[in-house]
Amino acid sequence: MGGQPLPVAGPLTDANVHEAAVLGSLPPGAPAPDLLGTHRAADWTAVVIAHPDGPHPDFSPASGDADADAAQTWALLDKLTSSPAPASYAAAVSSTPSTTAALHGWDELLADPPADLAPAARDRLEQLAELEAAWPGLAHGDRIVHGDRTSTATCGRDNMVRDHHLGVTFVDRAHATTGPACIDAASLAPQLILAGHAPADVARLLRDHAATASSPETTTAFLAALTGHWHRNARQPVPPAPPDCAPTNTARRQPASRSSPTA
């Protein structure tokens, strides 16, 4: 790790330290990289996490790994959310407000429909806004939620690594929170559609998995809010980088194996 040190306190440092607390509180066998340690010295704050060794999953129908990756991902999420989050995890995320409940966008698009909105969405704007409006009342729960797989249409895939030893692993948990069991599993659905899978096939998969099948109303409301959030954000200017990023030039060295740390 090189360049200017991260400040002892600040948004980026706080996010890294929060992620360390989350990783240290996950139940055994959770699909996450190992936390190797947190170290502070003078003006440095270093969070050391094992490097997942592998590519991002390829969910495109042409990929020979698509079905296996999707099936493993949903199976991991079903297992992870089958019971309430451990008390240690709930404590680790308690000081970080969840932004998941605030997802929305169709309401704003309904008030002022953009000219380039797809006809399929334009024809259903009132229905989408109505489904989305139900989400805040359904957004709370006691299950583990990644929390950063919903910010953009590409974020879900980018936050997964197909580790050569562990299989599908979820990384970047700085926004981890608690919520309904269906959130992370449902957020995989639009990733599959964007990769080229038929919506009808994805809907069937949602009905086949415990985390989403057990709460269809919550799953539908979440997906409406999520896609509304994406559509709205796609029309907004890109926000500036966090203040901590400006003076920081961090170099990452590719480890030789998964057990090698990166800081």
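Within region 208-253, take every residue that is modelled with pLDDT of 70 or more, of a type in the set (S, T, N, Q) and open to solvent by 80 Å² or more (accessible area, probe 1.4 Å) and give me the one that is farthest from Lys79 (Cα to Cα). I'd like the intermediate steps shown before the answer.
Filtering region 208-253 down to residues modelled with pLDDT of 70 or more leaves 208-237.
Narrowing the set further to residues that are of a type in the set (S, T, N, Q) leaves 212, 214-215, 218-220, 227, 233, 236.
Retained after the next criterion (residues that are open to solvent by 80 Å² or more (accessible area, probe 1.4 Å)): 214, 236.
On the way: Ser214: 13, Gln236: 37 Å.
Here the answer is Gln236.
Is it true that some residue in region 23-46 is within 18 Å of Gly179 (Cα to Cα) and in a helix (DSSP H, G or I)? Checked against the condition, which is being within 18 Å of Gly179 (Cα to Cα) and in a helix (DSSP H, G or I), region 23-46 yields at least one hit.
Take region 73-125 and flag every residue that is touching a Lys or Arg at 6+ places or on another chain (Cβ under 7 Å) and either crowded, with 16+ Cβ neighbours inside 10 Å or touching a residue at least 40 places away in the same chain (Cβ under 8 Å) (or both).
Selection gives Thr81, Pro84, Ala85, Gly105, Glu108, Leu109, Pro114.
Entry remark, region 38-61: residues being at positive phi and free of Cβ contacts under 8 Å to residues at least 12 places away in the same chain number 0 in total.
Against the numbered list (1) modelled with pLDDT under 90; (2) within 22 Å of Leu206 (Cβ to Cβ), Gly64 comes up short only at (2).
The values are calculated or read from the model by the stated rules, or taken from the named source; none is laboratory data. If you're wondering where the values come from, they're calculated on a predicted model, not measured in any experiment. Reconstructed Cβ throughout: ideal geometry from the backbone, glycine too, with neighbour counts over all protein chains shown. All accessible areas refer to the heavy atoms of the entire protein, side chains included, with ligands and DNA or RNA removed. Shrake-Rupley method; radii C 1.70, N 1.55, O 1.52, S 1.80 Å.
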